[in-house]
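Asks: Pasting a structure below so you can have a look.
Read-outs throughout are calculated quantities, based only on the coordinates presented, and are distinct from any laboratory measurement. None of the values given here were measured: they were computed from a predicted structure. Neighbour counts run over all protein chains shown; Cβ positions are idealised from the backbone, glycine included.
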Amino acid sequence: MTFTVEDLQTILDEITSAVTALPPEGKVASYIPQLAEVDPNQFGIAVALADGQIFHAGDAQTLFSIQSISKVFTTTIALRKFGDDIWKRVGREPSGDPFNSIVQLEMESGKPRNPFINAGAITIADTIMEGRSPDDLIEEILQFIREIAHDDSIQIDKKVAESELKTGDRNASLAHFMASFGLFENAVDDVLWAYFNHCSITMSCEQLAKAALFLVSDGLDKSCGVNVVSEKRARRINSLMMMCGHYDGSGEFAFRVGLPGKSGVGGGIMAVVPGKASIAVWSPRLDKVGNSHLGTLALEMLTQRTGWSVFGH
């Protein structure tokens with residue numbers, strides 16, 4: 001299947017028209033009160049090509065809470081700092097359970113299955129905190145995302161972070177349960193505050209697509225010639241997104257879309273076409289496992305139109 005770059009804008013426009021014409025399906029993430037206030041009838045998509053060209057359609061410049069998509073960036077920071085030592089604390093296997101499940105932690109002595117489920121991401125936050133204050137860690141994470149997106153305007157929505165803190169009993173339970181195995185290096189409350197804040201970073205589809213470009217080019221930020229991570233580690237991150245990026249819907253996403261990707265309950269999905277492009281879609285209505293309904297559908301349409309699936313046409 002072949003298409004030209006000039007076709008891409010038309011493809012995005014047609015996909016946007018098609019998905020926004022569908023009857024509403026799915027629900028916003030109401031368990032975080034601040035997210036429940038978002039207008040559910042929005043859709044945006046952006047594609048950043050490896051050479052830096054950007055194409056977008058719909059609400060691609062509207063800011064949204066990236067939530068668990070931020071876990072890709074904290075995992076990247078952890079790999080940069082500690083390399084393969086991080087796998088002593090988190091695994092590399094799909095969970096097969098909901099993102100906030102405590103069941104496997106009980107069976108596996110407090111070691112999370114992967115860094116993209118909540119328990120795994122909380123562990124990663126503890127790992128990269130290194131005894132510092134949560135505010136210092138939050139600033140480091142935010143600055144890293146600003147650097148790879150080349151956009152200093154990216155911020156944290158403090159109202160969302162406070163909302164998560166007030167309703168975060170399940171995440172607190174996960175953290176304290178892991179700490180009970182002697183696995184935490186920092187105060188649980190400090191780690192949780194850092195975790196809630198990095199999940200509350202707000203970005204647009206366009207910003208998010210730009211931030212993912214280093215994963216398109218084997219860890220290299222082509223715009224400035226800086227290696228964000230090594231080629232090996234960029235491929236490891238992409239493989240984790242393929243296997244674990246959509247929680248217990250990861251297999252279905254791989255089957256339908258065929259790209260490494262990471263979802264968030266804010267309705268965003270970040271996906272990578274190795275060597276070609278990064279993609280960000282956003283639509284707040286979620287399916288039953290917490291992934292954007294229209295976002296997944298749009299990505300499925302995009303890979304069908306472009307032949308971008310890693311599994312072939």
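Asks: Taking Cα pairs under 8 Å and at least six residues apart, what relative contact order does the chain come out at, in percent? It would help to have the intermediate numbers written out before the result.
Replies: Details: 639 pairs, mean separation 85.4, N = 313.
Reported as a whole number, the value is 27 percent.
Asks: Please give the Cα centre distance for region 188-223 versus region 1-60, rounded to the nearest Å.
Replies: First find each Cα centre; the distance between them is then 19 Å.
Asks: With contacts defined as alpha carbon pairs under 8 Å and 6 or more residues apart, what's the relative contact order of region 88-165 in percent?
Replies: Numbers: 55 pairs, mean separation 16.3, N = 78.
Here the relative contact order equals 21 percent.
Asks: Would you calculate the separation in nanometres between label points at K159 and Q9, each defined as 7 Å from the Cα along the Cα-to-beta-carbon direction?
Replies: Here the answer is 3.4 nm between the modelled labels.
Asks: Right, another one. Kindly flag which residue pairs out of K81/K222; K27/K166; K71/K262; K88/K111; K27/K288; K222/K276 have an alpha-carbon separation exceeding 19 Å in this structure. Before the final figure, lay out the partial values.
Replies: Numbers: K81/K222 22 Å; K27/K166 21 Å; K71/K262 9 Å; K88/K111 9 Å; K27/K288 8 Å; K222/K276 12 Å.
Check vs 19 Å cut-off fails for K81/K222; K27/K166.
Asks: If you don't mind, another one. In whole Å, what are the extents of region 109-265 along the principal axes defined by its C-alpha atoms, from largest to smallest?
Replies: Between the extreme Cα coordinates on each principal axis of region 109-265 lie 42, 36, 27 Å.
Asks: Still on this structure: Would you calculate the convex hull of the Cα atoms in region 173-313 and tell me its volume per residue in Å³? Walk me through the numbers before you get to the answer.
Replies: On the way: hull volume 19.7 nm³, N = 141.
With only Cα atoms used, region 173-313 gives 140 Å³ per residue.
Asks: What translational D, rounded to a whole number of µm²/s, comes out for region 1-126 from Stokes-Einstein when the hydrodynamic radius is the Kirkwood one over Cα pairs, at 37 °C and 0.692 mPa s?
Replies: On the way: Rh = 17.8 Å.
The diffusion coefficient I find is 184 µm²/s.
Asks: Can you give the direction-averaged projected area of the convex hull of the alpha-carbon atoms in region 232-311, in nm²?
Replies: Numbers: hull surface 18.7 nm².
Averaged projected area of region 232-311's Cα convex hull equals 4.7 nm².
Asks: Related question: Treating the beta-carbon of each Lys and Arg as +1 and of each Asp and Glu as -1, no other charges, what is the dipole magnitude of the chain about its Cα centre, to the nearest 20 debye? Write out the running numbers ahead of the final one.
Replies: Details: 27 positive and 39 negative charges, 136 e Å.
Charge dipole, the chain, about its Cα centre: 660 debye, nearest 20.
Asks: Normalised radius of gyration for the chain, please: alpha carbon Rg relative to 2.2 N^0.38 Å, two decimal places.
Replies: Working: Rg = 18.0 Å, N = 313, 2.2 N^0.38 = 19.5 Å.
Here the answer is 0.92, to two decimals.
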